[in-house]
1. Of the residues 664, 676, which single one is open to solvent by less than 30 Å² (accessible area, probe 1.4 Å), more than 27 Å from the chain's Cα centre (by Cα) and closer than 30 Å to residue 419 by Cα?
2. For the condition of a type in the set (A, V, I, L, M, F, W, C), modelled with pLDDT of 95 or more and more than 14 Å from residue 710 (Cα to Cα), what is the one hit in 671, 641?
3. Given the criterion open to solvent by 30 Å² or more (accessible area, probe 1.4 Å), assigned to a helix (DSSP H, G or I) and over 28 Å from residue 261 (Cα atoms), identify the matching residue among 392, 321.
4. Select from the stretch 350-369 the residues that are free of Cβ contacts under 8 Å to residues at least 60 places away in the same chain, under 27 Å from residue 125 (Cα atoms) and buried (at least 19 other Cβ atoms within 10 Å of the Cβ) and list them in ascending order.
5. Among the residues of the stretch 53-101, what is the count of those that are among the acidic types (Asp, Glu) and in contact with a helix residue (DSSP H, G or I) (Cβ under 9 Å, 6 or more places away or on another chain)?
6. Looking at the stretch 426-444 only, could you name the residues that are crowded, with 18+ Cβ neighbours inside 10 Å and among the aliphatic types (A, V, I, L, M)?
7. Please go through the stretch 638-653 and pick out each residue that is open to solvent by 50 Å² or more (accessible area, probe 1.4 Å), out of contact with any Gly (no Cβ under 9 Å at 6 or more places or on another chain) and either aliphatic (A, V, I, L, M) or closer than 18 Å to residue 675 by Cα (or both).
8. Can you work out which of the residues in the stretch 231-269 that are of a type in the set (Gly, Ala, Ser) and more than 10 Å from residue 181 (Cα to Cα) is surrounded by the most Cβ atoms within 10 Å (Cβ to Cβ)?
Amino acid sequence: MKFRSCVFCLCLLLLIGTAFAASKDEPVLEKKVAELLSKMTLEEKIGQMTQVAIDVVSVPNQPVGGYHKLDPQKLRAAILKYHVGSILNVMGAAYTVENWHEIISQIQDVATKESRLGIPILYGIDSIHGANYVQDATIFPQNLGMAATWNEELMKRNGAITAYETRAAGIPWNFNPVLDIGRQPLWPRLFETFGEDPYLASIMGVAYVKGQEGDDNDISRPDKVAACMKHYIGYSLPYTGKDRTPAYIPERLLWEVCVPSFKAAIDAGVHTVMINSSEINGIPVHSSRYYLTELLRYELGFKGLVVSDWQDIMNLYTREKIANSHKEAVKMSVMAGIDMSMVPLDFSFYDHLLALAKEGSVPIARIDEAVSRILKVKFELGLFEKPYPNKKLKEKFASEDFRWAARQAAQESITLLKNADGLLPIAKGKRILVAGPTANRLSALNGGWTITWQGNDEKLYPKNRLTILQALEQKFGKESVAYVEGAAFAEEVNVAEAAAAAKNADVAIVCLGEEAYCETPGNITDLTLNEAQLKLAEAIHAAGAPVVLVLAQGRPRIINRIVDDAQAILLAYLPGHEGGLAIADIIAGDVNPSGKLPITYPRFVNDFTLYDHKNSENDDYHKNYHPQFPFGFGLSYTTFAYSNLVLNQDTLSNGEELQVQVTVSNSGQRAGKEVVQLYLSDLVASVTPANKRLKRFEKIELAPGESKTVAFTLNESDLTFIGRDNKPVAESGEFKVAIGGLSRQFVFVQKNVTDSGYSSNGR
């Protein structure tokens, strides 16, 4: 890819603020960093760049779920001999708040009281959907479900609560949000993304960053953490769909799809970034100066700390085979722009980098640059003044207020995909059969990154959270609810018994989906839902009971065989600990569903056509865009009518704004929330245009009979695309605005253009 001075101005359309400005205290901070750096030995500097897992400093072979113990001798060796700057992760399973306090305090005791310079440890953790490695924490829906809420305020609340509870455990650094774009449905980390659209992902990602770090990004506050955007860049688009496998991404696709969400987070002030574990076009990202320095820093303007992903520097030698030794891999990655290595299970990075520095293969200036960024984050977090856990934060940890926010998020995420003859909601007094493998498992509602890495150890889940079955029993009464599992995830259990029970039921709620997984263990070769589950749904339908499908899954498993048989379908995604209650709330009608798909739900295993497809992918001959359910789709228990779509002018010029208004009315009998979605189509362009692209959205709530006028503002940046010269351009021509089945056209006239590009950060 060629290096450019301009940054794709698609990112500018986000209207989410300018780049993070240095505070008035910046010179003071820089002086503190410089003074400390000047006192450090080479060994101490390289130690700061070294991050090891908690396993390295722990007593081995501890019982999973027990009280975790550190090994004092190993801890002192890590900090006093190798001078490590960061420790991460959990060993085994989530710890209690009290256990975390003991762990962090022991670590900081050695770092701040026994080391020569008293530099505190920067502890990092993957709080992916809540503080999921702290026992009894508030657990939210996974990111894909959060995207389905289309509610950025809820997303920001998620970020703030997760930050509070992570910091309550004494941990100041969170490896989240995932800003990869979820356009490969096979990919096992799809549920960690905000879906397939760069604009939606950007809005939700920024909301999360601001929740984590605060509106002013002052992470010294005791209830905030340093957020870490990941996995920069292109990680989510593996050609095969399997985790940590190669992606092939043309430059135009990189800028139009992959860059915007990361650029938005950078402009929002995010402090740290984690790197893509795999490769793009044959170049592992951990080795690429273009991606890590030229693009990330020079073009996108990132000024923070760059951390590797798990063992990925070593992988340049052992797996990617682009380095002839681990030592060469270390040199390659550090010179490309990695500041901190997640080694993570030994001190090999330290040993190799020390040797490289002493022989002059890695300049001291590059090491000083990396260490300065690490120290700066530590100063910004206030770790030098307050390295220990703030025990006062335990007062609101897992509070009812926090738990309610998670339940509301789950409620708003659940997406009603079908409701023939108004089967839902179900009235009290009906005889209900509950069946299926996800009906009585909390792990199925959470997925990976929950208590353990894979999230699949059911016995470790809290006893005071309800499965779908338990929540339905609580909602409708145990006497009204019968349960027969029918099938496990991949095998039949007692399908005939479930079908027989269905004959005595007024309605059957069949809970299907995926068992918990995360990362590479979640790789699959067929997107079709397991045969045993499909047979269960078919058998219950054949028995005569109306079927409600409830899908708890991290990616869109193919269900075309059973869609017509089902009278109603709810997609729950992975709704978290409060998901059982939220599903019951929807089924009973106590809550009106308002979720909208953040992905295209495919009908066939080989049909991955996305909503923003090209015209050739869906012309009169091909008609290839035929998903099971389209992006942005979701039903309600009420109806909404759109009218009076108005543009303030028919012609737009560069430098001007286009005002768009539409009236939305609740034409049904129940209060409900609607996501008003604005799409823009470029009707003719020098590079084949997308069918349409999401440009704005707003979630509103209307009472029966109530109407509201929703206004949006568009400008030239919304019309921009990457042109034939791989630079951003907005071309004169016709455009179409579409909202809720209505559309209007306008003409854009480009006047007095001298430069087709936009300079990043004012350069």
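The values are calculated or read from the model by the stated rules, or taken from the named source; none is laboratory data. It should be emphasised that the depicted structure is a prediction, and the values quoted were computed from it without experimental measurement. All Cβ positions, glycine included, derive from the backbone under ideal geometry; neighbour counts span all protein chains shown. Keep in mind that these areas ignore ligands, DNA and RNA; they rest on the heavy atoms of the full protein, side chains included. Shrake-Rupley method; radii C 1.70, N 1.55, O 1.52, S 1.80 Å.
1. On the way: 676 fails: more than 27 Å from the chain's Cα centre (by Cα).
Criteria check complete, one pass: 664.
2. Numbers: 641 fails: more than 14 Å from residue 710 (Cα to Cα).
So the residue among 671, 641 that is of a type in the set (A, V, I, L, M, F, W, C), modelled with pLDDT of 95 or more and more than 14 Å from residue 710 (Cα to Cα) is 671.
3. Values: 321 fails: assigned to a helix (DSSP H, G or I).
Matching residue, one of 392, 321: 392.
4. Step one: list which residues in the stretch 350-369 are free of Cβ contacts under 8 Å to residues at least 60 places away in the same chain, which gives 351-352, 355-356, 359-363, 365-366, 369.
This time we only want the ones that are under 27 Å from residue 125 (Cα atoms), so: 351-352, 366, 369.
Listed by number, the list holds a single entry, 352.
5. Total meeting the criteria: 2.
6. Of everything in the stretch 426-444, those that are crowded, with 18+ Cβ neighbours inside 10 Å and among the aliphatic types (A, V, I, L, M) turn out to be 426, 432, 433, 434, 435, 439, 442, 444.
7. 644, 646
8. As a first pass, look at the stretch 231-269 and keep what is of a type in the set (Gly, Ala, Ser): 234, 236, 241, 247, 261, 264-265, 268-269.
With the extra rule that they be more than 10 Å from residue 181 (Cα to Cα), the set shrinks to 241, 247, 264-265, 268-269.
Details: 241: 19, 247: 22, 264: 27, 265: 29, 268: 25, 269: 24.
It comes out as 265.
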